[in-house]
Every structure is written in C-alpha cells, then in structure tokens.
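Peer 1: My questions will all concern the structure given below.
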Amino acid sequence: MDTNGWLGQLVEQGMHDSACLLGEFLLAPQGAAQRDAGAAWLPAPTCETYVLYADALVGRGEQRRALPYLHQALQCARTPRGRAPAGSAADGSAARPSLASECEIKLRIARCYVALNESRNALACLMGIPSSARNASATLLLARLLEASGNHRAAASAHKEVLRGTPIVLESAIALAQLGTPVREIFAIQPLLAHLPWLVQLLHAHSAEGLHDATRAHEAFGALGAHFEGSTHVLLHTARAALFRGHDDEALALFQRARDADGNLVDGMDVFARGLAKADRGAELGRLCRELLFIDRRRPEPWGAVATYWTMRGEHARALEHCERALSIDERHPFAHQLKGSLLASLARPEQAVYAYRKANAIRADLDSFIGLVNAYLHIEKCREALSVAREAVQRMPNSARAHALLGSALCAQPNAQDKTKRAFAKALALDPQCEEAVMAAVNLNAAERNYQGAIELLQPLLRKQRRDAIHSKLGDMHALKHDFTQALAHYHHALALNASLKSATDGLERVEGMIRAVQQGDERDDALHDAVANGLHDDESGGTSPPFYH
C-alpha cells in the first residue's frame, strides 16, 4: 500500500485540504485497538510522510503549523530508518524523487520562515546546509537572504554559485550586476549569457543602476524599452532611474505605463505612491491604494502606499501603523524602512528615525536612505555623523549630482566650511545643471549674497523641465526680493494653483501683499524687506525633518 504515493499525488494536484485530511490519519499515533489486534491498519509514517503533510499545510498557508512536522522529518532523515525508502519498487515509491534529504527538508523549513517573516531563522537554517549539499534553489534563497541582511560579499558568492550550475537564473545574473560585479566577470562565470544581445544590454543597465549611475541606467533601460515596450521590469527600472535623476513627471508616466501593461502589478507601487504624493495627486493616490489592497493584501507594497496616503493627509501616527504592517509582512522591504524613518522624524522621534534609515541602508543603500539618514542626524545636531554619511553617499555615487548636493547640505552645518559647501554644490550643478537640490541650494546661497537675478536664472531651467509648486514658490521669493512684486504674485498664484496647501507659497503671498502695502504707504525699507523673505527661505514643507535645500 503506497500511502505516501496517495498523499504525494494529492499535494501535486493542489488538493491540499484532501491531503491534510489523509495526512492526519497517516500521522496519527497507533491506538490501543490496533496494538491489541497485532496489525496496523496503516503503515508507520516515514520521513517522506512528514514532508508531504507539511507541503499540504504550506499549500493551505499554514506555514507555522507545518514547521513541527518538517523538524520531525529532519530527525527521521538523520536516522538509518528515516533514510530508507518509504516503499518498494513494486508500489511505485522508488520512482518518485526523494523528499527526505536534509537539504530538501531544510529548504522547506527556510521557506516557511521566510513566509513568516523570520529571516534570521531562515538564514540560520540554510547556513546549516553544507555548501556541497545545497541545490540551486537553496543557494538562491540563501543569496537573497544574505543580500537583504547586508552581507553583500557572501550574497555575491552565492549568486555566482547558482549561475555556474544554472545559466537561466536571470535573477542571480541581475543581482550580481547590481552588487557591483563587472559584467565581463558575469560572462566569464556563465559564457552562455554573452550570446544574448538583449541580456547583455540588460546586465549593463543593472550594472549602471548598481553603481548609482542614474544617467547611464536611465539611458540603458530606455533603450531596452524601445525593444520591450510592455515589459514591466524595464518600465519600473526606467522609472526608478528617472526618479533618481529628479525627473519626477517622466517617472510617474512610466509607472502608469507599467500599470497599464499589467493591471494587477504590485511591484514598485509603493514608490509610485510616493511620487503621486510628492506631485500632490491625492485622488490618484487614493485610487491606487484601493486597487492595490484589492489585488494583494499579503504584500508590503499596498500597505506602504496606504501609509504614504495618510502621510500626505498629515496623519503621521496613522501612517506609521500601516508602515509597521508592511514591515510585519516583509521585514526586508527597504521602502517601508525609509518611510518609517520619515514618519518617525515627523513625529519628533529623530533617534528612532536614524535606526530606521540605517536599517533601510543596510538592506539596499540608495540615495533616499542616505538623504533620510543625513536629515535625521542634522535634526539631532550630530553634524559630524551627518557629514560622514554624506561623504559615503558621494563615495558610492560619485556621478550623482544629488549625492554631491547632499554633501553640500551636510557641510552647511559645519563651521568654517563655506568654501567646501560651494564646491560641493558647484560639482552637483556641473554633473546636472537641473538637479533640483543643487539648484535650490545655489539659489539660497545667491539670495544670501543678494544676487537675486542669478538665483532666478538658476531656477528658470528647472521650471521648464517640470512645473512644480515648490519651484514657483521659490521664484516668487526671488522676485519679491528684487521688488518685482508683479512676477512674485504671479509665481505664488501658480504655486497655489498646483498645490493649494503649500505653506511657503501662502506665506510668501502674505509677505508680498504686506510689502506692497508698505511701499504704498511710503515705508519701504530694503533691509526689512530682505529679512522678511529670507526668514522664509528655509521653511521645511515636510514638517521640519529635512536639512536646508531639501524639499
């Protein structure tokens, strides 16, 4: 009687409820009646029985319940009896692949821990498998967990091991490119990949992304998009590169194209949500949240999007609850840690914000994490730590204008560092004349030196690139300082038309109206007018959590 064969057939066909019911009888202890009769109705459970029953439970989403049975299978696999086949060749069990190896069982245990968001237990379980005994699936999962834990060198070694044995695992090839492995080295590990032109271009694009060279990544993914117009992978990564460069409008359009290509897409949608919030497109953001929750509540991205929605509404405590829910689903999700850091900073908990941003940076070092970490350190007046983080950002991203602007922002808090600050912002503008952070910083420096026309000339190209409320508001400030009140009023009204709740524009409008009244009354005092506007130049639109020049 091949009872394991029956159980395996039910599991294979996805009939998990029926498999669980059969498994309960197969694993039930022998009762007194059977012992008295001297013959068991069912054969004694084997290692394979425990594994198949655990598979049935996992199929029902009961990973926690499956774990004890997998640990029991592991004990059986370590005994001579457990290693014996469940049946003879006559009953067909010998024809099935063995499920009783320690590697297979530990892989199942690790997958259960991953599903339960217990990454450390999963990692410890996989590390317990000798490298010579690990199959490709176990090694790939190990590589993912090592990468998420910040152990990038070990993760790269594991991905290389996967790629040597299985050339079609594109995930490992892409991961290696993003971890900084040269593309030629990837081809040396697996030469077959070099014969696919589209894959060569894809790896070069991911290599640029891993090196934080947003310009090159943007161009490479854009070129791929001409060949794979409906590829959500290409669209999402092109959108991320556009965001990194500050091309927000283009990025939002690309995210929307990805959604149009696949209406049930969840990947990257929390980042899309943040972009919608930044553009003050609240109605679209609310609709996106509802659709994502309908698609899959078991992923972190929908809850990250909902947290972003409540952040936009100013309900930071409520947003933090949804952010925690995202992390309870996947503690390795970097966006959720970034958002948590931002929310904690908004709730005047900067020390906890530092920890959240450091966690995000350990999982995946990117500019948003560096910016958040610098902001948090500056908020608690740890200027030396902020400068150290900004320098690390420049070291990792030497071709990023925004990274150099971040360094300039950190240098602003240092004593006697005015020349270094100017050089940092000049480097940022040389790399990208339309880098918003660098432009805003240079505008403030020009304003401090009363070079208002120079500030306006820096802002105008940025306005042509994207008609954002903060840029109009800043132009209003500069025109007000020039006493060009007509232009100042026009820009403030433009800003409020785009974002009626923009405080800097509202305050600027009130100041200009007050200036006009003062001029009409013959009480124009240049120093007083300059101070009135200059006092508002560094107002923080995000609740006081960002350093100067970051909006």
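Peer 1: Compute the distance in nm between two label points, each set 7 Å from the Cα along the Cα-to-Cβ direction, one at residue 317 and one at residue 395.
Peer 2: 4.1 nm
Peer 1: Additional query: Would you kindly find the accessible area of residue 170, with a 1.4 Å probe and non-protein molecules such as ligands, DNA and RNA excluded, rounding to the nearest 10 Å²?
Peer 2: 60 Å²
Peer 1: Enter the accessible area of residue 436 (Å², nearest 10), with the probe set to 1.4 Å and all protein chains included.
Peer 2: Answer for residue 436: close to 30 Å² accessible.
Peer 1: To continue, here is another question. Once the Cβ-Cβ distance between residue 195 and residue 463 is put in as r, and R0 is 56 Å, what FRET efficiency do you end up with, to the nearest 0.05?
Peer 2: Computed FRET efficiency for residue 195 and residue 463 comes out at 0.75.
Peer 1: Same structure again: Determine the dipole magnitude for the stretch 382-529: charges of +1 sit on the beta-carbon of Lys and Arg, -1 on that of Asp and Glu, nothing else is charged, the reference point is the Cα centre, and the result goes in debye to the nearest 20.
Peer 2: Computed charge dipole of the stretch 382-529: roughly 660 debye.
Peer 1: Round to a whole angstrom and tell me the spacing of the C-alpha centers of the stretch 359-405 and the stretch 210-255.
Peer 2: 23 Å
Peer 1: Another one. Determine the order of 342, 132 by accessible area, beginning with the largest, at a probe radius of 1.4 Å.
Peer 2: Sorted by accessible area, descending: 132, 342.
Peer 1: So, one more: About the Cα centre, and with charges only on the beta carbon of Lys, Arg (+1) and Asp, Glu (-1), how big is the dipole of the chain? Nearest 20 debye, please.
Peer 2: Here the size comes out at about 1300 debye.
Peer 1: Based on Cβ point charges of +1 for Lys and Arg and -1 for Asp and Glu, what charge dipole magnitude is obtained for the stretch 243-328 about its Cα centre, in debye rounded to the nearest 20?
Peer 2: Approximately 180 debye in magnitude.
Peer 1: Roughly speaking, to the nearest percent, how much of the chain's 1.4 Å accessible area is carbon and sulfur?
Peer 2: 51 percent
Peer 1: Which order do the peptides 145-156, 468-479 come out in when sorted by mean C-beta neighbours inside 10 angstrom, highest first?
Peer 2: So the peptides 145-156, 468-479, ranked by packing, come out 468-479, 145-156.
Peer 1: Per the helix-only calculation at 222 nm, which mean residue ellipticity applies to the chain, given -39500 (n - 2.57) for every DSSP H run of n ≥ 4 and division by its residues, nearest 500 deg cm²/dmol?
Peer 2: Value at 222 nm, helices only: -22500 deg cm²/dmol.
Peer 1: Same structure again: In whole Å, what is the distance between the alpha-carbon centres of the stretch 281-301 and the stretch 148-203?
Peer 2: One Cα centre to the other: 33 Å.
Peer 1: How big is the shadow of the Cα convex hull of the stretch 309-429, averaged over all directions, in nm²?
Peer 2: Over all viewing directions, the stretch 309-429 projects a mean Cα-hull area of 7.5 nm².
Peer 1: Let me ask you something else. State the extension gain, in nm to one decimal, for the chain segment bounded by residue 12 and residue 416, taking 0.36 nm per residue of separation less the distance between their alpha-carbons.
Peer 2: Value of the extension gain: 138.4 nm.
Peer 1: Separate question: Based on the alpha-carbon set only, what is the convex hull volume of the stretch 139-268 divided per residue, in Å³?
Peer 2: Taking the convex hull of the Cα positions in the stretch 139-268, it is 108 Å³ per residue.
Peer 1: If ligands, DNA and RNA are left out, what is the accessible area of residue 419 with a 1.4 Å probe, given in Å² to the nearest 10?
Peer 2: Accessible area of residue 419: about 100 Å².
Peer 1: Please name which of 273, 239, 327 has its Cα lying farthest along the dipole of the chain towards the positive end, using unit charges on Cβ (Lys, Arg +1; Asp, Glu -1) and the Cα centre as origin.
Peer 2: Positive-most Cα among the choices belongs to 327.
Peer 1: At 7 Å along the Cα-to-beta-carbon direction for both residue 75 and residue 283, put a label point, then send me their distance in nm to one decimal.
Peer 2: Here the answer is 6.3 nm between the modelled labels.
Peer 1: Convert 37 °C to kelvin, take the viscosity as 0.692 mPa s, use the Kirkwood radius over C-alpha pairs of the stretch 406-492 as Rh, and evaluate the Stokes-Einstein diffusion coefficient in µm²/s, rounded to a whole number.
Peer 2: Stokes-Einstein gives a translational diffusion coefficient of 248 µm²/s.
Peer 1: Given a 1.4 Å probe and heavy atoms of the protein chains only, how would you sort 370, 228, largest accessible area at the top?
Peer 2: Ranked from most to least accessible, the order is 228, 370.
Peer 1: Determine which lysines satisfy two conditions relative to residue 420: a Cα distance under 27 Å, and not lying fewer than 8 residues away in the same chain.
Peer 2: Straight-distance partners of residue 420: 382, 474.
Peer 1: Also: Largest first, how would 486, 308 line up by accessible area (1.4 Å probe)?
Peer 2: In descending accessible area the options line up as 486, 308.
Peer 1: Sticking with this one: Evaluate the distance, in nm, between pseudo-label points positioned 7 Å from the Cα of residue 115 and of residue 517 along their respective Cα→Cβ axes.
Peer 2: 6.8 nm
Peer 1: Exceeding 25 Å between C-alpha atoms, which entries from my cross-link table qualify? They are 278/482; 422/482; 340/422.
Peer 2: 278/482; 340/422
Peer 1: A further question on this structure: In straight Cα distance, which lysines are under 29 Å from residue 106, not counting same-chain residues fewer than 8 positions off?
Peer 2: Cross-link targets: 160, 359.
Peer 1: When the expected Rg is taken as 2.2 N^0.38 Å, what fraction or multiple of it is the alpha-carbon Rg of the stretch 236-344?
Peer 2: Ratio of Cα Rg to 2.2 N^0.38 Å: 0.97.
Peer 1: Here is a further query. Once Rh is set to the Kirkwood radius over Cα pairs, what Stokes-Einstein translational diffusion coefficient, in µm²/s, holds for the chain at a temperature of 37 °C and a viscosity of 0.692 mPa s?
Peer 2: Translational D for this selection: 123 µm²/s.
The values are calculated or read from the model by the stated rules, or taken from the named source; none is laboratory data. These figures come from a predicted structure and were not determined experimentally. With ideal geometry, Cβ positions are generated from the backbone for all residues, glycine too; neighbour counts draw on all protein chains shown. To get the accessible areas, we keep the full protein, side chains included, count just its heavy atoms, and leave off ligands, DNA and RNA. Shrake-Rupley method; radii C 1.70, N 1.55, O 1.52, S 1.80 Å.
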